[in-house]
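Q: Before I ask anything, let me first share the structure, which is written out below as structure tokens.
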Amino acid sequence: MTGFLLLVLLVQTACSNLQSNLSTVELSPFLQDQWFPAVPETFRPESPEDLFSLPESYRRQLDIQVLSEESEYERYKKLRQWAFRRFEDFEFSSLETVSLAELNSARKINCLSFSALFVAAARYTNVPAEFQLVFAPPYWDQVNTSWINNQHINVTGTIEVPVTAYVPQRTGRLGDIPVRFGDGDLTGTYRYVADVNPAVVSMRTRRQIISENEVISLFYSNKTIEHLLRSDLAAAYAYTKLALQTYPESSLAWNNLGVLYSRVNQTELAIAAYEIAISADDNAYSARSNLARLYRNTGQENLARGLEREIARFRESNPYYHASLAEAELEKGNLQQARSLYREALQRKHNEQHFYHQLAIISQALGNNEEVKEHLRSAQRYARGEDRARFANKLQALEDLL
């Protein structure tokens, strides 16, 4: 699913007393170009304009389909329809992020490029829109000997909703979100979420509005990962520099810099980069993992063991880590092991509809229809909005079949 990528390389991390406000950190001591090959003269990194500027063909479509509506609420509805139809036949790619300038030719999409397009189109059509970081669930995918942690980004905004567009009462619900009406007003406010994966919208997770610079930095960090996986250190380093210059507080970019220095055997610089990543984000467990591995490879066993214990505690308590292990077992066809791991995930987060849904799929594969119904009922209980109706329909279809 989702968005910007974080290289983990199976390692851990150390605590640091570095200042937490990295906006004033001098980057030059940490960006030492001499350790990396020079990029070729043909190297042209994407600009912020490439990422956020709507192609002319999209503007023409929006002129006709969206801008003709006077109501902000109607423009939002038409914009949403346009955005989701636009990508029906695009390939979802967690390992490749493309700018708006490349979307039509690449025909690939992920959460970051979808969000960039939605925000750009919303601004063009005068619909409020902001980027939003979704803190969970993280998923881990293995690529060769590296682990990639996929985090998620989507779009949110608050729009005006006419009373007549939904209910005549003074309060009500639009989709799954309360609409709030003021005394004597003929309009209310509604906070929407637009996500390339609609299932994420109903998950009960922490979210945070992030700036455009953070999104640009995340885009460059994604490009770093793409080139690291191809062992193109020149381009990977160039993108990491851009990520840090755009947003120096990015834990992700500092972690990537540590990975790059590890690749060229610059241990002290790698350690410094990982420590800054941890200083920027106490939850930077990928950087902690990478640092622990570096300590172990350099014979600093005590430091490595301390970090590994810290990571083990985090993973043991993290339901989504157990879910990621379950997904891996499910892909291998190990249904019993996958079921056991999903049950462990539920012990740590009992109200996650996704876990129940996956258990229902496993129970169906094992031929246990009673368990399928039990898990679907639980998924429905903790779902919201359209997902609740979806699970109700699945239950009804199963009852009819039986």
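The values are calculated or read from the model by the stated rules, or taken from the named source; none is laboratory data. Computed from a predicted model, the values in this text were never measured in an experiment. Counting neighbours? That spans all protein chains shown, and the Cβs are built from the backbone with ideal geometry, glycine included. Ligands, DNA and RNA are stripped out before the accessible areas are found, and what is left, the full protein with its side chains, is counted by its heavy atoms. Shrake-Rupley method; radii C 1.70, N 1.55, O 1.52, S 1.80 Å.
Q: Any chance you could look up the accessible area of ILE225 with a 1.4 Å probe, heavy atoms only, rounded to 10 Å²?
A: Spelled out: ILE225, probe radius 1.4 Å, area about 0 Å².
Q: Below 17 Å, Cα to Cα, which lysines can LYS108 reach? Residues fewer than 8 away in the same chain don't count.
A: Within reach: LYS223.
Q: On the Cα set of segment 314-391, report Rg and Dmax in Å, please.
A: 12.1, 35
Q: Amide H to amide H under 5 Å from VAL161: which residues, 5+ apart in sequence or cross-chain, H placed 1.01 Å off N in plane?
A: GLY188, THR189, TYR190
Q: Here's something else I'd like to know. Amide H of ILE109 versus every other amide H placed in the peptide plane: which residues, excluding those fewer than 5 positions away on the same chain, fall under 5 Å?
A: GLU91, PHE92, SER93
Q: At a probe size of 1.4 Å, how large is the accessible area of TYR356, to the nearest 10 Å²?
A: Its heavy atoms expose roughly 30 Å² to the probe.
Q: Something else now. With a 10 Å radius around each residue's Cβ, average the other Cβ atoms per peptide and rank 238-248, 325-335, 38-48, highest first. Don't skip to the answer; put the middle values down first.
A: Details: 238-248: 22.5, 325-335: 15.5, 38-48: 11.6.
So the peptides 238-248, 325-335, 38-48, ranked by packing, come out 238-248, 325-335, 38-48.
Q: Here's something else I'd like to know. Given R₀ = 56 Å, FRET efficiency for GLU370-ARG305 by Cβ-Cβ distance, to 0.05? Before the final figure, lay out the partial values.
A: Values: r = 46 Å, r/R0 = 0.82.
Plugging the Cβ-Cβ distance into 1/(1 + (r/R0)^6) gives 0.75.
Q: Highest first, please rank the peptides 249-256, 341-348, 227-234 by the mean number of other Cβ atoms sitting within 10 Å of their residues. Walk me through the numbers before you get to the answer.
A: Values: 249-256: 27.2, 341-348: 18.9, 227-234: 15.6.
Ranking the peptides 249-256, 341-348, 227-234 by packing returns 249-256, 341-348, 227-234.
Q: What net charge is computed for the residues neighbouring THR97, neighbours being all others with C-beta under 13 Å from the C-beta of THR97, Lys and Arg scored +1, Asp and Glu -1?
A: Details: positive: LYS108, LYS223; negative: GLU46, ASP50, GLU91, GLU96, GLU102, GLU226.
That sum, taken over residues with Cβ under 13 Å, equals -4.
Q: Each residue of segment 46-58 in order: what ³J(HN,Hα) in whole Hz does its phi give by Karplus 6.51 cos²θ - 1.76 cosθ + 1.60, θ = phi - 60°, with x for Gly and Pro?
A: Result, rounded to whole Hz: 5, 8, x, 5, 4, 6, 10, 7, 6, x, 4, 5, 5.
Q: What fraction of the Cα pairs in segment 256-402, stated in percent, has a spacing above 28 angstrom?
A: On the way: 4399 of 10731 pairs.
Cα-Cα pairs in segment 256-402 separated by more than 28 Å: 41 percent.
Q: So which lysines can LYS394 reach, going by Cα to Cα under 28 Å and dropping same-chain residues fewer than 8 places off?
A: Straight-distance partners of LYS394: LYS77, LYS332, LYS349, LYS373.
Q: Which translational diffusion coefficient, to the nearest whole µm²/s, is obtained for segment 21-71 from the Stokes-Einstein equation, given a Kirkwood hydrodynamic radius over C-alpha pairs, 25 °C and 0.890 mPa s? Walk me through the numbers on the way to the answer.
A: Details: Rh = 15.9 Å.
Using the Kirkwood radius from Cα pairs, D works out to 154 µm²/s.
Q: Hey, another quick one. Using modelled amide H (1.01 Å from N, peptide plane; none on Pro or chain starts), what sits under 5 Å from the amide H of ILE153, excluding residues fewer than 5 places away?
A: Long-range HN contacts for ILE153: GLY3, PHE4, VAL134.
Q: If you average the alpha carbon positions of segment 222-241 and of segment 243-304, how far apart do those two centres end up, in angstrom?
A: Each part's Cα centre sits 16 Å from the other's.
Q: Hand me the GluC sites (Glu not before Pro) from segment 84-127 located in a DSSP loop with no more than 13 other Cβ atoms within 10 Å, in residue order please.
A: Numbers: sites: GLU88, GLU91, GLU96, GLU102; in loops: GLU88, GLU96.
Passing sites in segment 84-127 are GLU88.
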